[in-house]
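Step one of this worksheet: look at the structure below.
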Amino acid sequence: MLQYQLVSAGKDSSNESGATDAVGLSMSISEIEEPEVKGKKKRGRPGKAAQSTNKKPRKAPAEKSVSVARGRGKANGGVVQHNGDGGDPVTLFEVSVVDEWIESYKQDRDLALLDLINFFIQCSGCKGTVRIEMFRNMQNAEIIRKMTEEFDEFISVLIRQCQYSIIYDEYMMDTVIPPHRAVRLSTMKLMTALVNVALNLSIHQDNTQRQDAIAEIRAICIEEIGQGEVRLKCLKALQNLYTNRELFPKLELFTNRFKDRIVSMTLDKEYDVAVEAIRLVTLILQGSEDALSNEDCENVYHLVYSAHRPVAVAAESSCTGSELFSRHDPLAEEALAKRRGRSSPNGNLIRMLVLFFLESELHEHAAYLVDSLWESSQELLKDWECMTELLLEEPYQADSEKVANLLQIPQFFDLDVYSAGRMEKHLDALLKQIRLVVEKHIEMDVLEACSKTYSILCSEEYTIMNRVDIARSQLIDEMTDRFSHSVEDLLQEAEEADDDDIYNVLSTLKRLTAFHNAHDLTRWDLFGSCYRLLKAGIEQGSMPEQIAVQALQCSHYSVLWQLVKVTEGSPSKDDMLALRRVVKSFLAVCQQCLSNVNTMVKEQAFMLLCDLLTIFSHQLASGSREGLQPLVFNPDSTLQNELLNFVLDHDQGPTLDRTSSHVSGIKELARRFALTFGLDQIKTREAVATLHKDGIEFAFKYPNPRGTEFPPLNLAFLEVLSEFSSKLIRQDKKTV
């Protein structure tokens, strides 16, 4: 019997004494059950199980327990019972073996469990045996955990190493993964590894679609990508997609992947491509304000300063469509309206526009910003009332830079309103404010702005000309009188003149020079006072250089205004001779100033000499102006030599020897370093711009110890810096 063999084998390996008793009991029971069997009887022998011709199939432990439970009720009767499933009969032999094991478990649990474990192992066909030491120090959990982990890792490594070879031979995978075992853990791990392979394969397939196997096709693709028309069509196609609001969420992955490329195309060398790229960026921002970073948006916003107008207008649309000009501050606008008694809906927008202009640090490009905003934001830019309210919030009279800008506003007034609307009192108030500015400031920018404003207000086409001319004449009279008295005081005190005397002369002379540039002041005879200052400075050698420079400039304007009178009218011979004497004396003074110790005076005299010799050359009497021949001056050899010596003494220093080994070595190093920036100018834009800014600062950082008239020591570094200029994009070349 099979039960007899298994029990006997288990007992022999663990407890020989117990095995003897079990064998004897099994034999006695077998002899009782065998009479029903016809033919020769087979007896069991101690230590050897009887061989049965009709072997029972092996039962699982659970089935045996069921048999035992159902067989106990009739054990004393010795009747063979069947289980409820109609299976094999439950014999007293099975009941006896189980009962003995239970009794042995009650006596020694470890040995009994050891017998049961070995029984299970042998039933599974395993040749191994569990010893008592192994049972008492069980490590099966750790072994199984380690085995499963290493098995999983082995499966993953196997698939990863085979992903480019044998897993596609249609044999290995079909054999390793049969369909009816696909739910097992090992198969699930195998399928996970295959999923990763499939994912990587899909990614590689997408990435290599443009890498055709035929070299000619790849060359054509690369050539077409370089064409502006191809990039233009791509951008227009994307615009159609982003215009559809329903498709926008589906384009999120595409946007995140290619947004850097789209933003970089706003700086495309083809302006049409740049315009379409900016429009695409605008559509992306309209769909999701968080799609692009602040840095990307700023790069687009700064294109409003582009010299190419379509690019600037497209960038302006992006600005006005974003949060940059859409933030209203109701509280600030309401407070402003209360202060002025009227509403100012554009007040906050104008403030933000000015703030954007200041933060961009491109103060000389204000005209580009206004031009880009002009078409779409005329209502904002023409809200003069709101702008006036903002300008009147604070006084700016003490700020020379702001005053110079504010003085340009009256130059664009509709001056007929003053007379047509009987607003002469407002005109008088304006003239009074301009006069206060002239008396308060001595900066040339402010004074020239005042002079130009007076010149426009005095135009003959306006009826207010007489009123403005009277105010201007009164101002000039006062300044001329003050200047004459200051000159007398300065010349009398000579070397004993203090700072106040010098300041009075210099401040008044600056104002008169600024006005003499735009107004004919010859009737005030400023040339005489200036000539006296210059002669005194030449003779005494103690005239401050600022006064000498301004006196030269004012005298130059006086000579030119006298020439204008002569050329436009019908001058007499006396007028011609008087002008010739003035020009001759002034040229002599300038020639003497070439040997002055002050560099500024020498440079001013040299430039005025060159201008006057050009104006009063033989061309003055050409054509139908033969009558001006007495005014023609030809420099003598002495003056020519002095001018030539001045040029030689004030050259730009030694010429950089580009052939020297030292310079060529540095340039070669710079050229190699420039190659490390690569071909993507967008990625290296900030680094290249910073390199140029720092390089220019370094070139002019250290002045020449011989004086300011000599070039800086590191000026030759600009030659080395030119090696990186090819990496600088077009927009940065204007700002760096």
Worksheet entry | Residue satisfying all of: in segment 478-500; touching an Asp or Glu at 6+ places or on another chain (Cβ under 9 Å) and small (Gly, Ala, Ser); surrounded by the most Cβ atoms within 10 Å (Cβ to Cβ) among these | SER486
Item to complete: State whether one or more residues within segment 539-561 are under 21 Å from LEU587 (Cβ atoms), more than 57 Å from the chain's Cα centre (by Cα) and either outside the structural domain of LEU609 (by TED's automatic domain parsing) or not polar (S, T, N, Q) (or both).
Response: yes
Worksheet item: Limited to segment 677-703, what total is found for residues that are at pLDDT 80 or above, out of contact with any Lys or Arg (no Cβ under 7 Å at 6 or more places or on another chain) and not charged (D, E, K, R)?
Response: 12
Practice prompt. Return yes or no: is ALA291 in contact with a Lys or Arg (Cβ under 9 Å, 6 or more places away or on another chain), farther than 21 Å from LEU353 by Cβ and assigned to a loop (DSSP other than H, G, I, E, B)?
Written response: yes
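Of everything in segment 584-593 that's surrounded by fewer than 18 Cβ atoms within 10 Å (Cβ to Cβ) and not polar (S, T, N, Q), which residue is nearest to LEU533 (Cα to Cα)?
Ranking the qualifying residues of segment 584-593, first place goes to ALA588.
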Worksheet item: Do we have any residue at all in segment 489-507 that's outside the structural domain of LEU628 (by TED's automatic domain parsing), of a type in the set (Gly, Ala, Ser) and on the phi > 0 side of the Ramachandran plot?
Response: yes
Worksheet item: Just wondering, is there one or more residues in segment 431-438 that are loosely packed, with under 13 Cβ neighbours inside 10 Å, farther than 30 Å from PRO345 by Cβ, without any contact (Cβ under 8 Å) to a residue 60 or more places away in the chain and among the β-branched types (Val, Ile, Thr)?
Response: no
Worksheet item: Looking at (1) in a loop (DSSP other than H, G, I, E, B); (2) at pLDDT below 80; (3) of a type in the set (A, V, I, L, M, F, W, C), which is the one condition that is false for LEU324?
Response: (1)
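So which of GLU252, GLU246 ends up being part of a helix (DSSP H, G or I), out of contact with any strand residue (DSSP E or B) (no Cβ under 8 Å at 6 or more places or on another chain) and among the acidic types (Asp, Glu)?
Just one listed residue meets the conditions, GLU252.
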Discussion item. If ASN140 meets every condition in (1) under 30 Å from LEU185 (Cβ atoms); (2) at pLDDT 75 or above; (3) loosely packed, with under 14 Cβ neighbours inside 10 Å apart from one, which number is that one?
Written reply: (2)
Worksheet entry | Some residue of segment 522-529 being modelled with pLDDT under 95 and within 16 Å of GLN492 (Cα to Cα) | yes
Item to complete: Could you tell me whether segment 165-175 includes any residue that is modelled with pLDDT of 65 or more, under 60 Å from the mean Cα position of the chain (by Cα), of a type in the set (A, V, I, L, M) and not in a helix (DSSP H, G or I)?
Response: no
Discussion item. Among the numbered criteria (1) surrounded by 13 or more Cβ atoms within 10 Å (Cβ to Cβ); (2) without any contact (Cβ under 8 Å) to a residue 60 or more places away in the chain, which one does GLU448 miss?
Written reply: (2)
Practice prompt. Write out, first by first residue and then by second, each pair whose Cβ atoms fall under 7 Å of each other, whose residues are 6+ apart or on separate chains, and whose first residue, in segment 196-209, is under 21 Å from LEU158 (Cα atoms) while the second is modelled with pLDDT of 70 or more and part of a helix (DSSP H, G or I).
Written response: VAL197/ILE159
Worksheet item: Which of the residues belonging to segment 403-416 are within 16 Å of LYS452 (Cα to Cα) and either in contact (Cβ under 8 Å) with a residue 60 or more places away in the chain or not in a loop (DSSP other than H, G, I, E, B) (or both)?
Response: VAL403, ALA404, ASN405, LEU406, ILE409, PRO410, GLN411, PHE412
Discussion item. I need the full set of residues from segment 453-477 which are of a type in the set (Val, Ile, Thr), part of a helix (DSSP H, G or I) and surrounded by fewer than 19 Cβ atoms within 10 Å (Cβ to Cβ), in order please.
Written reply: ILE456, ILE470
Discussion item. Tell me whether segment 294-316 contains one or more residues that are surrounded by 18 or more Cβ atoms within 10 Å (Cβ to Cβ), over 21 Å from ASP680 (Cβ atoms), among the charged types (D, E, K, R) and touching a helix residue (DSSP H, G or I) at 6+ places or on another chain (Cβ under 7 Å).
Written reply: yes
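Residues checked against (1) at pLDDT 80 or above; (2) among the aliphatic types (A, V, I, L, M); (3) under 30 Å from SER455 (Cβ atoms):
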| position | (1), (2), (3) |
| --- | --- |
| VAL311 | yes, yes, no |
| ALA315 | yes, yes, no |
| PRO330 | no, no, no |
| LYS382 | yes, no, yes |
| LEU390 | yes, yes, yes |
Discussion item. So in segment 176-230, with the set limited to residues that are in a helix (DSSP H, G or I) and among the hydroxyl-bearing types (Ser, Thr, Tyr), which one is modelled with the highest pLDDT?
Written reply: THR192
Discussion item. Here is a check on your reading of the model: is TYR503 touching a His at 6+ places or on another chain (Cβ under 8 Å) and among the hydroxyl-bearing types (Ser, Thr, Tyr)?
Written reply: no
Item to complete: Tell me, please, whether a residue that is in the same structural domain as ALA536 (by TED's automatic domain parsing), surrounded by fewer than 19 Cβ atoms within 10 Å (Cβ to Cβ) and either modelled with pLDDT of 90 or more or of a type in the set (Phe, Trp, Tyr) (or both) can be found in segment 568-576.
Response: no
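The values are calculated or read from the model by the stated rules, or taken from the named source; none is laboratory data. These numbers were taken from a predicted model, which means no experiment stands behind them. Quick reminder, even Gly has a Cβ in these numbers, built from the backbone with ideal geometry, and neighbours come from all protein chains shown.
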